[in-house]
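Only the coordinates and a few stated rules stand behind these numbers; no lab work does. It should be emphasised that the depicted structure is a prediction, and the values quoted were computed from it without experimental measurement. Counting neighbours? That spans all protein chains shown, and the Cβs are built from the backbone with ideal geometry, glycine included.
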């Protein structure tokens, strides 16, 4: 049961969206991401949904919500606060994010805590402007016997066309267990922008993942900035 619980926890924590990072939201602005991932897991396929939101509460404070649910079996709901470390301007940025909430397995909820150190860097290329985000996190739930460690990387283009590439690499580890990972190459497709309306971007990706077993998944998402 300990092993099964950790494997299900792996599936849950590896699903966090890759657009978080060291950047803070401008005061009074927000971001919302909705996604669904279908995976060919054994013995039955699984479907995962997520909701992620950020809001710029102050010049040096971003608040947010992170909710993930996997086929009604496991998931978490966290609220978080992100603070910059040093300057919040420039190409290189650092931030600390603290989160608290709940994690459930088979309907049984327990507390969950998470601390993340994030590095972000903007860059220019011949194809457009882009960003690199690296997030190192520690996660803990009293219902599980081990602390969990994560290292995620996201790289993508923020300009250069309505269709742009995106790559997410996620890893997680608990002492005594194999490293779990997910690699998701994808594309961002800008929706038609209407005057005075929030900016929307569709996300399509193919996920290759190992979390107790190998699986292939199709990820669809929608990012909205307002």
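Structure above, values below:
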quantity	calculated
Listed residues 179, 79, 42, most fluctuating in the chain (Gaussian network, C-alpha, under 10 Å)	42
Exposure proxy order (Cβ contacts within 10 Å, fewest to most) of 93, 25, 60	60, 25, 93
Point-to-point label distance, residue 192-residue 53, nm (Cα→Cβ direction, 7 Å offset)	2.8 nm
Degrees between helix 2-13 axis and first principal axis of the chain (Cα, 0 to 90, nearest 10)	10 degrees
The chain: calculated mean residue ellipticity at 222 nm from DSSP helix runs of at least 4, using -39500 (n - 2.57)	-1500 deg cm²/dmol
Order of 91, 76, 104 under a 10 Å beta carbon neighbour criterion, fewest first	91, 104, 76
Radius of gyration, Dmax [segment 175-225; alpha carbons; angstrom]	15.9, 54
The chain - percent relative contact order, Cα under 8 Å, separation 6 or more	17 percent
Correct choice for P(r) over Cα pairs in 5 Å bins from 0, in percent that was computed from the model, options [x] 1, 6, 13, 13, 12, 10, 8, 8, 7, 7, 6, 4, 3, 1, 0, 0; [y] 1, 6, 14, 16, 16, 14, 10, 9, 7, 5, 2, 0, 0; [z] 1, 7, 14, 19, 21, 18, 11, 6, 3, 1, 0	[z]
Fully extended contour minus Cα-Cα distance, from residue 220 to residue 208, at 0.36 nm per residue	2.9 nm
